[in-house]
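Report on the structure given below.
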Amino acid sequence: MSKVLIIGAGGVGGVVTHKCAQLTDVFTEIILASRNEEKCKKIAAQLPRAIKTAQVDADKVPELVALLEKEKPELVINVALPYQDLTIMDACLEAGVHYLDTANYEPLDTAKFEYKWQWAYQDKFQQAGLMALLGSGFDPGATNVFTAYLNKHYFDEIHYLDIIDVNGGDHGYPFATNFNPEINIREVTAECRHWEDGKFVETPAMSVKQQFNCPEDVGSYNIYRMYHEELESLTKHLPSIKKAQFWMSFGDNYLKHLEVLGNVGMTGIEPVEFQGQKIVPIQFLKQLLPDPSTLGPRTVGKTCIGVHARGIKDGKEHSAYIYNICDHQACYNEVQSQAISYTTGVPAMIGAKMILEGKWKQAGVFNIEQMDPDPFMEDMNKYGLPWKVIENPGFELI
Ligand code: NDP
């Protein structure tokens, strides 16, 4: 009997709720809570079984604690925004509930993408006998597990790591983001950092690109080097890595819009005074852009997200590429969402399942690559994110 509280009723929250609802044996009771309960009720109405909904402001610890004490779930799945990570972790500690999220904490006023704030909770969670599992989405999430899996089964040591996130989907809008626009734009416009020879090296945002030919029929795309939070935890937990980079595909149209929006100040995160009101430009922009959770019916094409590693196996140079391909329309048909939310929501459900089934349950704060990858990988194949490994695939990245 496991009761779970999901916080956040956006694109990802919808998928997590659908997927948890499919596993009646594991998630025996589900509560979906968000700032706006109407959104929770809309998701609940799509499901084949009854779940509870609730209203909560996750910026407020006492509100969260009251909900946790009333409902007494075993685990919170946090798929609200990265700004709420610490308040939800505080509430979990106070109420004695395990915690899982898909994105690292970020202060509202600086785009940092660092784990230091959440890693600082290690002693508190350990002493409370509770688990906090960080970054159980796709990237971070499945990509970390892919790396741990390659490290366990295909290498003695990984030396070079490239995470490649291609979205070959088309939603037909001139400009829209596939997940929360504010978080997405903060991430894409941030200075690039990659790991090389024991330290992070900074380069301007979007300044390094190359072409990547996806396997199967996904196509060929320009991928751009950018910073992504899993680089910090992976290079900490796999110290054999000499160089680690993250690449994401962007269309020319997306980048042109972003450049113009940046040039006119619309992506700024500092408040500006407008007609006697303080407005944060990027938050206003979010208001104008299509809601990512509405892109599902109109998005066609596939995502291809994977990890390419080079290193040593049995004393010889070895390389391997591991990836998942996900079809936007197939996701929509299953859970009424496009593939970006799907590829995030399914690993969140699997991470939760790992904790509730006791396969990963430990006291403390953990990044997902610290866990045994095998049961998670098995479940990816079972629950909608099948993967393949190509050994010595014969391509080189910059
Ligand atoms: P959305 O903006 O679609 O959804 C966020 C939800 O959280 C909304 O329902 C929002 O409510 C709710 N929310 C925001 N603030 C609060 C609050 N203070 N209290 C309660 N609820 C709140 O985002 P996504 O679903 O696209 O993304 C969700 C999370 O997943 C983000 O943290 C994102 O960074 C992460 N993510 C991770 C990925 C990965 O692969 N690891 C990939 C994609 C996303 P309201 O509707 O009222 O605004």
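The numbers here are math on the coordinates, done by the rules we state, and not lab data. Since the model is a prediction, treat every value here as computed from it, not as a measurement. Methodologically, a virtual Cβ is constructed for each residue, glycine included, from the backbone with ideal geometry; neighbour enumeration extends over all protein chains shown.
Can you give me the Cα centroid spacing of region 223-264 and region 43-88 in angstrom?
Cα centroid to Cα centroid, the span is 30 Å.
Once you charge only the Cβ atoms, +1 for Lys and Arg and -1 for Asp and Glu, what is the size of the charge dipole of the chain about its Cα centre, to the nearest 20 debye?
That gives a dipole near 520 debye.
Work out which trypsin sites (Lys or Arg not before Pro) in the chain are exposed loop sites (DSSP not H, G, I, E or B, at most 13 other Cβ within 10 Å) and give the longest gap free of them. Before the final figure, lay out the partial values.
Details: sites that count: Arg49, Lys60.
The answer is 61-398.
Taking a label point 7 Å from the Cα of Gln211 along the Cα→Cβ vector, which residues of region 294-335 have an amide N closer than 15 Å to it?
none
So how much slack lies between Val389 and Met1, counting 0.36 nm per residue of separation and subtracting their Cα-Cα distance, in nm? Could the numbers behind the result be given before it?
Values: separation 388, 0.36 × 388 = 139.68 nm, distance 3.54 nm.
Contour length minus the Cα-Cα distance gives 136.1 nm.
Read phi for every residue in region 77-93 and hand back ³J(HN,Hα) as whole Hz from Karplus 6.51 cos²θ - 1.76 cosθ + 1.60, θ = phi - 60°, with x for Gly and Pro.
9, 8, 10, 7, 9, x, 5, 8, 4, 6, 5, 5, 5, 4, 5, 4, 4
Taking other Cβ within 10 Å of each residue's Cβ, how do Phe138, Phe113 sort, fewest first?
Working: Phe138 28, Phe113 20.
In increasing order of surrounding Cβ atoms, one gets Phe113, Phe138.
Rounded to the nearest 5, what % of the DSSP beta bridges within region 83-237 are antiparallel ones? Present the calculation step by step, with values, prior to reporting the outcome.
On the way: 10 of 13 bridges.
Here the antiparallel bridges make up roughly 75 percent for region 83-237.
Using label points projected 7 Å from each Cα along Cα→Cβ, tell me how many nm separate Glu191 and Asn333, to one decimal.
The modelled label-to-label distance comes out at 4.7 nm.
Listing Ser337, Ser233 from the residue with the fewest other Cβ atoms within 10 Å to the one with the most, what is the order?
Listing Ser337, Ser233 from fewest to most nearby Cβ atoms yields Ser233, Ser337.
Within the chain, which cysteines find no other Cys whose Cβ is under 4.7 angstrom from their own?
Flagged as lacking a Cys partner: Cys20, Cys40, Cys92, Cys192, Cys326, Cys331.
Once phi is turned into θ = phi - 60°, what whole-Hz ³J(HN,Hα) does the Karplus curve with 6.51, -1.76 and 1.60 give for every residue of region 38-48, x standing for Gly and Pro?
4, 5, 5, 5, 4, 5, 4, 5, 7, 8, x
Where in region 102-145 does the amide nitrogen come within less than 11 Å of the point 7 Å from the Cα of Tyr83, taken along Cα to Cβ?
Only 106-110 fall inside the zone, counting backbone N under 11 Å.
Report the full-extension gain for the segment Glu94 to Asn263: residue separation times 0.36 nm, less the Cα-Cα distance, to one decimal in nm.
Working: separation 169, 0.36 × 169 = 60.84 nm, distance 4.45 nm.
Value of the extension gain: 56.4 nm.
Work out from phi, with θ = phi - 60° and the Karplus expression 6.51 cos²θ - 1.76 cosθ + 1.60, the ³J(HN,Hα) of each residue of region 50-64, listed in order in whole Hz, and give x for Gly and Pro.
6, 10, 8, 10, 7, 9, 8, 9, 6, 7, 10, 4, x, 5, 5
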